[in-house]
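Everything below concerns the one structure shown next.
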Amino acid sequence: AWTTDGPVALWRNVYGTNTRDFALARLDSGELRRLADDEWNIDACPHHGGGIAAGDDGTLHAVWYTRGKNRQGLFYRQVKDDGMSVPMAFGDPLAQAGHATVAADGQTVLITWREFDGQAYGAMAMLSKDGGISWNEPRRIAATEDAADYPIPLIHSGRMHVVWNTLREGIRIMEVE
């Protein structure tokens, strides 16, 4: 993500021998901080990345998946110069919620992820209009009964979209209101 202070990177770092939690670095200054203290101890590479977006006020909005000792599922956290918010859980773990990503523009923050209810994959979305302080109820904005990629949020000039590629329907660009 790009901030007014320069580029920021988010990745699943290895702490100790096999703890795979997310780290955050400000690439211009070299500042490194641990984003998540989930304590996911696994001798493998989890194939669930995270996502990060920068708001206009410098707030970073991060999402990630974990199966750690301290928490499990999908989580959202704000990162500011003076600290980080408490991780907020979202998504339905019984529906295999995973692969979240986030977009931000001004005070608008849009999170998307994929769920599977046993019959169909769903492109899920959750929206905040106050910089991630409060959120609307998660909602399924599209579904498919065939193979599906992960939904990607986009925000530009106040318009919000989700791009989702499915085997049956192809690439869809859906506006979020």
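The values are calculated or read from the model by the stated rules, or taken from the named source; none is laboratory data. Being a predicted model, the structure only gives us computed values, none of them experimental. Here Cβ is always computed from backbone atoms with ideal geometry, including for glycine, and neighbour counts include all displayed protein chains. Please note that ligands, DNA and RNA were not included when accessible areas were found on the heavy atoms of the full protein model with its side chains. Shrake-Rupley method; radii C 1.70, N 1.55, O 1.52, S 1.80 Å.
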Count - residues of region 28-58 that are under 25 Å from His156 (Cα atoms) and assigned to a loop (DSSP other than H, G, I, E, B): 6
Enumeration of residues in region 140-177 that are closer than 17 Å to Ser128 by Cα, open to solvent by 20 Å² or more (accessible area, probe 1.4 Å) and touching a strand residue (DSSP E or B) at 6+ places or on another chain (Cβ under 6 Å): Arg140, Ile141, Ile152, Leu154, Ile155, His161, Glu175
Residue match in region 89-100 (condition: within 24 Å of Ser157 (Cα to Cα), modelled with pLDDT of 95 or more and within 11 Å of the chain's Cα centre (by Cα)): yes
Any strands (runs of 3 or more DSSP E) falling wholly within region 79-133 and containing at least 2 residues that are within 21 Å of Val163 (Cβ to Cβ) and out of contact with any helix residue (DSSP H, G or I) (no Cβ under 7 Å at 6 or more places or on another chain): 98-105, 108-116, 121-128
Subset of region 1-26 [closer than 26 Å to Asp57 by Cβ, over 19 Å from the mean Cα position of the chain (by Cα) and exposed (fewer than 12 other Cβ atoms within 10 Å of the Cβ)]: Thr4, Gly6
